[in-house]
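Below is one structure; the comments refer to it alone.
The values are calculated or read from the model by the stated rules, or taken from the named source; none is laboratory data. Every value quoted in this text rests on a predicted model; they were computed, and no experiment measured them. Every residue, glycine among them, receives a Cβ derived from its backbone with ideal geometry; neighbour counts consider all protein chains shown.
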Amino acid sequence: MQKVERINTIMRYINNRAHFTIAEIMEEFQISRSTAIRDLREIEQIGLPLVAEVGRSGGYSVMNNSILPPIRFTDNEIKALVVAFMATRNQQLPFLRSRQSLAEKLLGLISKNQQDDLVVLNQLLFFEGTNPNNPDLLDLSDLPQPILEELIQLSLYEEHLEIWLNGVNHLICPLRLYNEKSVWWLEYYDFHHETKKMQSVDEIESVNPVQSYKNKKWPSKKKILAQLAKKARQENLHLELGAKAISQFKKYHPLKFSLSYMDPYQTSAVLKTEIDTHDEAELRELVHWLFFLGEELTIRKMPAELLNAYRKRAREIASF
């Protein structure tokens, strides 16, 4: 990030907070302490008055009644917002019931020329799920399951929830939500079995804050994640993927396998994960999947069990 862009972003960051510290600026923008202090001094010189608070937990705050001018979007920022907005059509994402009002508010913030550009952009760009005969038509499947938004809302404020599956309640700590091929999955810690599990959100019958366990102290989400990290085994599969292998990966990959892209154009990526070498069925599926990824796949690390199965399958293919 260039210096001018970073300072502008920091100004917006601190203007939206009642209180902030140097450490928070350093972590948020990945800069050194000296750079953070220097940037804050330049922001003060620009005209945004900051108030320093002394003490062990001291920091900074913006002087009362001193706010930044109204937000102005650049042409590329507007295009980025609208392209992201167009790409979310028919993706069953939460909180998009107000799509029309969001679009109207955005149009009210921009100039007539920018509005004209967006009309052309809407006619030019098509995404998966777009109806070519009527690009503005949204499929009826655009809205997600109602339980998804309820689950997200509760997870924002509650670390312990009760979910119902097949008429049985489970006490859980929600960890993450995944969207995999238009299916939402909940990763959670099950207190009864003391293990991490995955569950399709569509199969959750109801979700509620914990009511009947108030007398028992359950570990916080932070402690649970720390416990899981200690139990986690070392990664034993390391793959490098080229552009064609990435394309194949996007078509199909095991749930929770994720790529780390090595360049902004997503033409090279790395996958590091841990697999269960005792599950023979999983190993067979992984072998077929590795061949499915194609030629632009480089295997840097692989457990012996998977390597033997991979070589066996390669010999079988070569024998035809």
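The residues of segment 300-311 that are closer than 12 Å to ASN236 by Cβ and surrounded by 13 or more Cβ atoms within 10 Å (Cβ to Cβ), listed by number, are MET302, PRO303, GLU305, LEU306, LEU307. Filter segment 244-256 down to residues that are surrounded by fewer than 16 Cβ atoms within 10 Å (Cβ to Cβ) and not polar (S, T, N, Q) and give me whichever is nearest to LYS272 (Cα to Cα). Only one residue fits best here, namely LYS256.
If a residue must be at pLDDT 85 or above and not charged (D, E, K, R), how many such residues does segment 211-226 contain? Qualifying residue count for the region: 5. I need the full set of residues from segment 1-55 which are outside any helix (DSSP H, G or I), closer than 25 Å to PRO264 by Cα and in contact with a helix residue (DSSP H, G or I) (Cβ under 9 Å, 6 or more places away or on another chain), in order please. Once the filter is applied, which keeps residues that are outside any helix (DSSP H, G or I), closer than 25 Å to PRO264 by Cα and in contact with a helix residue (DSSP H, G or I) (Cβ under 9 Å, 6 or more places away or on another chain), segment 1-55 yields MET1, ILE31, SER32. Residue count for segment 30-64, restricted to those that are modelled with pLDDT under 85 and in contact with an Asp or Glu (Cβ under 9 Å, 6 or more places away or on another chain): 4.
The residue of segment 261-296 that is surrounded by the most Cβ atoms within 10 Å (Cβ to Cβ), among those that are at pLDDT 90 or above and among the small types (Gly, Ala, Ser), is ALA269.
A single member of GLU235, GLU194, GLU205 is over 21 Å from GLU158 (Cβ atoms), of a type outside the set (Lys, Arg), over 17 Å from the mean Cα position of the chain (by Cα) and loosely packed, with under 13 Cβ neighbours inside 10 Å, and it is GLU235.
Residues in segment 107-120: is at least one modelled with pLDDT under 80, closer than 23 Å to ASP75 by Cβ and part of a helix (DSSP H, G or I)? Looking for residues that are modelled with pLDDT under 80, closer than 23 Å to ASP75 by Cβ and part of a helix (DSSP H, G or I), one finds at least one in segment 107-120, hence yes.
Apart from one condition, GLN123 fits all of (1) modelled with pLDDT of 85 or more; (2) assigned to a helix (DSSP H, G or I); the exception is (1).
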